[in-house]
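Only one structure is covered here, and it is reproduced in the block below.
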Amino acid sequence: MTTDVNANDTLLRDAPVINLFLRYSLPTIAAMMVTGIYVAVDGMFIGHFVGESGLAAIMLAYPIGSILYALGNMIGMGAASLVSIHLGSGNAKLAQQVVGNAFSLSLLVSVVVSFLGLLFSTDIVYALGAQGHVAEMAITYLKWYFGMGTFALVSMAFSILLRNDGQPNRVTAIMILGGVLNIFLDWVFIVLIPWELKGAAIATMLSQLVTASLCLFHFFQPSTRLRITWQSIVIKTKTVSDILQLGIPGLLMYLYLSVVLTLHNMAFLSLGSTIHVAAYAVVSYTEAFFYLAFEGIALGMQPITSFNLGARRMDRVIESRNIAFGAALLVSVAGLLLVYVFPEAVIYAFAGDSPDLAEVTKEGMYLYFWGLPTEALLLVGAIYFQSINQATIANWLTGGKLVIMAAMLFVMTKLVGTTGVWISLACTSTLLFVWMMWKLYQTRLSAPPSTR
C-alpha cells in the first residue's frame with residue numbers, strides 16, 4: 001500500500017495536470033451526482049407521497065440539520081488540505097497525525113452538536129415562523145436527524161479524506177452504495193411504512209452510517225500510511241487549530257447554504273405562504289444537483305493544488321485551477337439549458353400534478369437560476385483559495401457572501417416583494433464574483449516554507 005501511495009505522490013507531482021484532474025474529478029463528480037440523485041429522490045418521495053406540506057416541512061428542517069454536514073465539511077476539507085501539504089513536502093508522519101486528530105474531532109463535535117440539536121430544534125422551527133402540521137413534521141424530522149447525527153458528520157469528513165488519499169474510485173463506489181440504500185430505505189419508510197418525514201430522516205441516517213463505516217475502514221487498515229492509531233487520535237492543539245483554520249471556508253460554504261435557505265424560508269413565510277416555501281424546495285432540490293457537481297469539480301482539483309503547493313510547483317497549481325473553472329462553467333451552462341428549456345419536467349419530478357405549485361415554482365425558477373454560472377465559479381474559487389492556504393480570501397468568499405446575501409435579501413424584498421426573494425442570490429453572486437476575479441488578479445502564489 002505504501003508503494004501505491006508513494007506512486008500517487010509521484011503522479012500528483014509529475015503527471016499531466018489534465019489527466020490528474022480527470023482522474024480525481026470524474027469519480028468525485030460521479031459520487032456527488034449519486035448524492036444529488038438520492039437527495040433529489042428524497043424530495044420526490046416526499047413530494048409525491050407526503051405532498052406540498054411535506055416539501056415545505058423538509059425545506060424548513062433541512063437547513064437546520066445540515067449544520068452536521070457543514071461541520072463535517074470543515075473537518076474533512078481542513079484536514080485534507082493539511083494532509084496534502086504535508087505529503088507534498090514529504091512529511092507523512094504529520095499527515096497521519098492530522099487524520100487521527102480529524103477522527104477525534106469529528107466524534108467530539110458530532111456528539112455536542114447532536115445533543116444541542118435535540119435540545120433546541122423545536123424552538124428553532126417555531127422561531128422560523130412555521131405553524132401547525134408543517135411545524136410538527138419539521139420537528140419530527142430534526143429529532144430523528146440529530147439523534148443519529150454522528151453518522152452524517154463522520155461520513156462527510158472521511159469521504160473527503162479518503163478521496164484525498166488517492167482513493168476517488170472507492171469513494172464513488174461507497175457513495176453509489178449509500179445512494180442506492182437511501183432510495184430503498186425511502187421506499188420502505190415513506191411508502192411501505194408511512195412514516196412521512198420521520199421515515200425520510202431514518203433512511204438518510206442509516207445510509208450515512210454505512211458510508212461512514214466504509215470510509216473509516218480504509219484508515220484502520222494496518223497497511224494504510226495514514227492509519228488511525230491510538231497515538232494519532234490524541235488531540236494536538238496545533239494540529240486541531242490548523243485543521244479548523246483551513247476548514248473554516250468549508251464550514252462557511254455549508255453554513256452559507258443553510259443560512260440562505262433559512263433566510264429565504266423566513267422571507268417567503270413572511271411575504272407569501274407555505275406554497276412559496278414548497279416551490280422553493282423544488283428549486284433548491286434542483287439547484288443542489290448542480291451545486292454538488294460544482295463541488296465535485298472543486299474537490300477533484302483540491303488534492304492537485306494542495307500537493308503541488310507543498311511541492312512548490314506553482315505552474316501546476318494555476319493550471320489545475322483554470323481547468324476547474326472551465327469545467328464548472330460548462331456544467332452551469334448545461335444547467336441553465338435544462339432549467340429554462342424544460343422547467344415543466346423538472347417541476348413535475350418533484351411536485352407531481354399540482355398546478356398551483358407548478359405555476360409558482362416555474363416563475364421562481366426563471367427568476368432564480370440566472371446566477372448559476374457565478375455560483376459555480378465562486379464555489380470552485382473558495383475551495384481553490386482554501387487549498388493553497390489562502391484562508392482569508394476563501395473566508396470572504398463564503399462568510400462575506402452570507403453578509404452580502406442577508407443585506408441583499410432585505411433590500412430586494414422591500415423593493416419588489418417575493419420577486420426580490422427569488423433574485424437576491426443571483427445578484428449577490430454577481431457582485432462577489434467581480435471581487436473574486438480582482439483577488440485572483442492581485443494574488444501572487446509563493447511556495448510555502450518546508451515542513452520537513
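The values are calculated or read from the model by the stated rules, or taken from the named source; none is laboratory data. From a predicted model like this one, the values you see are computed outputs, not experimental measurements. Note: ideal-geometry Cβ built from the backbone for every residue, glycine included; neighbour counts use all protein chains shown.
Kindly establish whether Ser354 is among the polar types (S, T, N, Q), within 26 Å of Thr172 (Cβ to Cβ) and either touching a Pro at 6+ places or on another chain (Cβ under 7 Å) or surrounded by fewer than 24 Cβ atoms within 10 Å (Cβ to Cβ) (or both).
Considered against the rule, which asks whether it is among the polar types (S, T, N, Q), within 26 Å of Thr172 (Cβ to Cβ) and either touching a Pro at 6+ places or on another chain (Cβ under 7 Å) or surrounded by fewer than 24 Cβ atoms within 10 Å (Cβ to Cβ) (or both), Ser354 comes out as no.
So Ile202 fits all but one of (1) in contact with a Leu (Cβ under 9 Å, 6 or more places away or on another chain); (2) touching a residue at least 60 places away in the same chain (Cβ under 8 Å); what number is the exception?
So the condition that Ile202 fails would be (2).
Restrict the check to the stretch 261-282 and report whether at least one residue is among the β-branched types (Val, Ile, Thr), over 30 Å from Thr413 (Cβ atoms) and in a helix (DSSP H, G or I).
Within the stretch 261-282, not a single residue is among the β-branched types (Val, Ile, Thr), over 30 Å from Thr413 (Cβ atoms) and in a helix (DSSP H, G or I).
Provide a single number: the residues in the stretch 284-309 that are in contact with a Gly (Cβ under 7 Å, 6 or more places away or on another chain), crowded, with 24+ Cβ neighbours inside 10 Å and more than 18 Å from Gly381 (Cβ to Cβ).
Final tally of qualifying residues: 2.
Looking at the structure I just gave you, is Gly88 surrounded by fewer than 23 Cβ atoms within 10 Å (Cβ to Cβ) and either of a type outside the set (Lys, Arg) or within 22 Å of Phe385 (Cα to Cα) (or both)?
No; evaluated as a whole, the condition is false for this residue.
Need a quick list: helices (runs of 4 or more DSSP H) entirely within the stretch 305-388 having at least 3 residues that are over 21 Å from the mean Cα position of the chain (by Cα) and farther than 30 Å from Ala92 by Cβ.
Those helices (runs of 4 or more DSSP H) span 314-341, 343-351, 355-368.
When both residues are 6+ apart or on different chains and their Cβ atoms are under 6 Å apart, which pairs have a first residue that lies in the stretch 142-169 and is under 27 Å from Leu22 (Cα atoms), and a second that is of a type in the set (Asp, Glu) and surrounded by 24 or more Cβ atoms within 10 Å (Cβ to Cβ)?
none
What's the total number of residues in the stretch 201-235 that are within 17 Å of Leu161 (Cβ to Cβ) and part of a loop (DSSP other than H, G, I, E, B)?
Residues that pass the stated criteria total 12.
How many residues does the stretch 207-223 contain that are farther than 13 Å from Phe103 by Cα and surrounded by fewer than 19 Cβ atoms within 10 Å (Cβ to Cβ)?
5
Go through the residues of the stretch 132-148 one by one and say whether even a single one is within 21 Å of the chain's Cα centre (by Cα) and not in a helix (DSSP H, G or I).
Within the stretch 132-148, one or more residues are within 21 Å of the chain's Cα centre (by Cα) and not in a helix (DSSP H, G or I).
Taking interchain pairs and intrachain pairs at least six residues apart, which have beta carbon atoms under 7 angstrom, with the first residue in the stretch 385-397 and more than 18 Å from Glu375 (Cα to Cα) and the second surrounded by fewer than 24 Cβ atoms within 10 Å (Cβ to Cβ) and hydroxyl-bearing (Ser, Thr, Tyr)?
Gln390/Thr443
Are there any pairs, at least 6 apart or on different chains, whose C-beta atoms fall under 9 Å, with the first in the stretch 82-100 and closer than 17 Å to Phe158 by Cα and the second of a type in the set (Asp, Glu), and if so, which?
Leu82/Asp242; Val83/Asp165; Val98/Asp242; Val99/Asp165
Of everything in the stretch 170-191, what is in contact (Cβ under 8 Å) with a residue 60 or more places away in the chain, more than 16 Å from His218 (Cα to Cα) and of a type outside the set (Val, Ile, Thr)? Give them in sequence order.
Scanning the stretch 170-191 gives Gly178, Gly179, Asn182, Asp186, Trp187.
From the residues in the stretch 149-172 that are in contact with a Pro (Cβ under 9 Å, 6 or more places away or on another chain) and assigned to a helix (DSSP H, G or I), which one is nearest to Ser110 (Cα to Cα)?
Leu162
Identify, please: which residue in the stretch 117-131 is assigned to a helix (DSSP H, G or I) and without any contact (Cβ under 8 Å) to a residue 12 or more places away in the chain and is, among those, nearest to Phe217 (Cα to Cα)?
The extreme case among them is Leu119.
Just one of the numbered conditions (1) of a type in the set (Val, Ile, Thr); (2) touching a Gly at 6+ places or on another chain (Cβ under 8 Å); (3) modelled with pLDDT under 90 is not true of Ile243; which one?
Looking at each condition in turn, Ile243 falls short on (3).
Based on what the data block shows, is Ile193 surrounded by 21 or more Cβ atoms within 10 Å (Cβ to Cβ) and farther than 30 Å from Gln390 by Cβ?
no
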